[in-house]
Structures are given as C-alpha cells and as structure tokens.
1. Rounded to whole Å and sorted largest first, what semi-axes of the equivalent ellipsoid does the C-alpha gyration tensor of chain B yield via the square root of 5 times each eigenvalue?
2. Placing +1 on the Cβ of each Lys and Arg and -1 on the Cβ of each Asp and Glu in chain B, which of B:S39, B:N52, B:G64 has its Cα farthest towards the positive end of the resulting dipole?
3. What is the sum of charges, Lys and Arg at +1 and Asp and Glu at -1, for the other residues whose Cβ falls under 11 Å from the Cβ of A:G91?
4. Give the residue from B:I140, B:N96, B:G108 lying farthest towards the positive end of the charge dipole for segment B:80-140; charges sit on Cβ (+1 for Lys and Arg, -1 for Asp and Glu) and the dipole is referred to the Cα centre.
5. Charges at C-beta only: +1 for Lys and Arg, -1 for Asp and Glu. How large is the resulting dipole of chain A about its Cα centre, in Debye rounded to 20?
6. For the cross-link pairs B:K72/B:K185; A:K112/A:K132; B:K91/B:K133; B:K77/B:K169, which exceed 18 Å when the distance is taken from alpha carbon to alpha carbon?
7. Using Cα pairs closer than 8 Å and at least 6 residues apart in sequence, work out the relative contact order for segment B:184-330, in percent.
8. At most 15 other Cβ atoms within 10 Å and a DSSP loop assignment: could you name the GluC sites (Glu not before Pro) in segment A:54-96 that fit?
Amino acid sequence: MKKSEVPQDKSNISSVNMRELCYATDDNGNYTTELSSGWEPKTIALSNAIEDIKERTEAARQQVINGELSPIVYFMELSKMDLGILAGYTGIWQWRIKRHFKPKVFAGLSNKVLQKYATAFLITAEELKNFKG
Amino acid sequence: MTTDFTHHQAAHCENGVASNLLKHNGLNISEPMVFGIGSGLFFVYLPFIKVNHAPAFSYRPMPGAIFSRLAKRLGLKIKRQKFSGSQAAQKALDDNLKNNIPSGLQVGVYNLTYFPDDYRFHFNAHNLVVYGKTGNDYLISDPVMETTTTLTTEELDRVRFAKGAFAPKGQMYYPIDIPKDIDFKKAINKAIKATCRDMLAPVPIVGVWGIKYVAKQIRKWPVKLGVRKANHYLAQIVRMQEEIGTGGGGFRFIYGAFLQEASVILDNPQLKELSFEMTAIGDLWRDFAVEAARVYKKRSSKPDVYNMLADMLTDIANREEQFFKQLRKAV
C-alpha cells in the first residue's frame, strides 16, 4: 500500500477523532507510517457485526415481552455477551444460567443471585427485575 | 505519581506496548522489529471455536506470544504476574508506579471507556501501558491511540479482570533485565526461520495451508449455511483481518517494514527485494477485503461471488507459499 493510498474514509472511529497508524510505502517502496481515519470495507464488516447484535437483542426483547424468556437473555445480548462470558462475569455455572432464562425460574430468584447478574450487566437489580421489554 | 514515559502510537497493541516499554528501558527498537523478531505473522483457522457466532480466524499468534518470543530471542527478562484478586493486582501496579516502572497490562476491550462504542467487544487480548496515577485516575498509554488517556481505578479494575476467552486475570508485565550486548543478527535469522516454518507448516488449519482450507470452505458456505450465514462468516474473516491498525492485511505491511530494517542490519539486499513482494501480497489482502465487503453488503454484481473470493484467497495462499519458501532460503 502506498502512503498516498492509505484510506481516509469516514468510520466508527473518525466520529471520536481517533486515527489508526498504518505502515505504507513511499514512491521508492520504502516503508514509513501514515495515519488513517478509517477504511470502508472495515467499517462495513464492523457494521455487519453490530447489526447482528442489534437483531439478536431485539429478538430477545420480543421474547421477554411474550413471556418466553427472562430479562437475563435480553441484557446478555445487549451487553454483547454469550453464555460462557456471562458465566465468567457472574461466577454462575452455565447450566444454571440456562435455567434462569425461563421466566418462571427467574421470578423465584433470590436478590443475591439477581445482584450477581445486575453487576455483570452494570445495571441495578431493580432494573433487571422490572424489565418488561 | 508519574513516570517519565513517552507514548508512541503503534499499529498493533502488543507490538506497541513491547516497543514502548523497551524504548523506556533504553533499548531503541521499532514496532516492525518487535513484530518480526517476535514472529508475529501467523494464520490459523479454528472452525470449532465460535467468536460472535462465527468461526475463529486469527492472523496472529496467541496473546503474549510476540513479546515472549522477542524476549527469548534477545535475551531479555520480562516479569509477568497474574492475580487472583483486584486488591493484590492494584497494589502491585501501584508499587511499580512508585518505583518508576511503567507496566504493561493485558486487558479486555469491552469496558475500555475511551474506545468508540462500536469497537467494544468482549475481546480480552488487548494491551496497554500504565505509566502513572493522579488521584483516582490511572494514566494510560494505549498504543493504538494517538495520545495518552486515563481510566479510573474502577474502570481499570474492570478491564484487568474482564471475563471470557483469554481472560487477562489482571496480568501485568515489564522488563527487568536488558543485556548490554544484543545479537540482533542471530535473533533476526532465528525469527525469520520460525515464521517461515509456521506459515509453511504441514497442518491443514495453519499458515498457507490454513488459508487454502478457508478458501475451500468459502465455496461450500452459501450452499451449506445459506447466504445470510455465509456473509456473516465472511464479515468475520475481514473483521479479524482488519483489527484496529492492521487495515488490509496490515500485518503483511508491518512485516514488510521489518524485512527492510532486517535487510540493513544483516546487510542482505535480498530481504529488501522480498519486502516488495510482501507489500504486493498485502495489497492482495486489501483487494480481498474490498470484494468480500461488497458481497456481504450485497453490492456485488459479479456472478458466482463466493467462488471468485475463494479464487482470490487461493491465489494469495500460493503467492505466500512461494514467498516464504524464498524467504527461508534468503537467511
């Protein structure tokens, strides 16, 4: 990549005035560095991942409204987590978390367990308990 | 308290932290040199591990490997500590700062508040340097940022004890011994040989073979998984290839820069020639990313796009195979 070809596209980082360092070559093929504000193919790939998460979060929200799943699933998707990561943050075994996905089981959870989830999601236990979609 | 640490921006976090910490300790070593001697160039495809609901691809070795190999090859001593609790982790860091030792930390990206929201995923192999503390704020030199920044004590604790794959467990590291006479020639030779061995390894998911294997899989994806999932997987390839600062097979460009520096140190003009080929291969990776982006953005009007992408990738793999075979002979 030539120094003059280092992409300066609008991106998710240019919005916060962040620029990345890239290695690129001068006219003689010798390496030097240049800052880049972003590159479109990269931004598209990232947006794809963000869209995917948004869809999963929205689907979870609907299922919470319909009473099919507990709010834990919604906040897990919102926090970009999966079962393994949530188990790491809460210290609760995965199979127990899966049980807590059921609204009936969730309704009977103690404040202590709710607080573990709330801490992992950086919200209050009240917000978690009272989430209705 | 603060240490007299100088922040230099880098393309990749691990190289950057290593280079910045060593510069602080009097060893002037560039980012490409760290990357090259640490054998940072790699490829592995892990279809059985899912990241963000798509298979894992990695263009770099395990987190921490670059700095460890660099230290081994240059004879540096690096102290690494992991912690079971926040208090011990914070105390060890504070003690280091009191003793004027800027310290490298492995952290999770998700709670790095100075990152743009869209970049905050549960990715735990990021690296930064803490070089001071004022009140409740730690002074942070994150090598992918243009300038230094800060994190509160609570924020730093959260990123040091991020959970999930590669959980950092508060990991802290810093050089404790740097020998006076370092044999760069020997280290570079060894490192180049190791990179060639890795990239040409006769393992189906590693190096050049791994790239060819992924190309084969791409041909099957649209039929086997449906277009939606196939596109999601493609996006994953590009995202892993385009981690912050590595835009467009950017590791190839860093490696090219390393070969140019190495060619001067070893007085070997052939390495310079090879660096031009590496640049050309890096550009092919860029072209691949552009075409792949068109596909998952559904902008591609070309017929049979998946086979076309697979052909591009196979072509890259063949060029790299030739490249590493020549490089192996050149040192």
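1. Working: eigenvalues 238, 136, 47 Å².
Values for chain B, descending: 34, 26, 15 Å.
2. B:N52
3. +3
4. The residue sitting most towards the positive pole is B:N96.
5. 1060 debye
6. Those over the limit are A:K112/A:K132; B:K77/B:K169.
7. 32 percent
8. Hits after loop and neighbour filter: A:E68.
The values are calculated or read from the model by the stated rules, or taken from the named source; none is laboratory data. Computed from a predicted structure; not experimentally measured. Neighbour counts are summed over all protein chains in view; Cβ atoms, including those assigned to glycine, are modelled from backbone coordinates with ideal geometry. Surface areas here come from the heavy atoms of the whole protein model, side chains and all, with no ligands, DNA or RNA. Shrake-Rupley method; radii C 1.70, N 1.55, O 1.52, S 1.80 Å.
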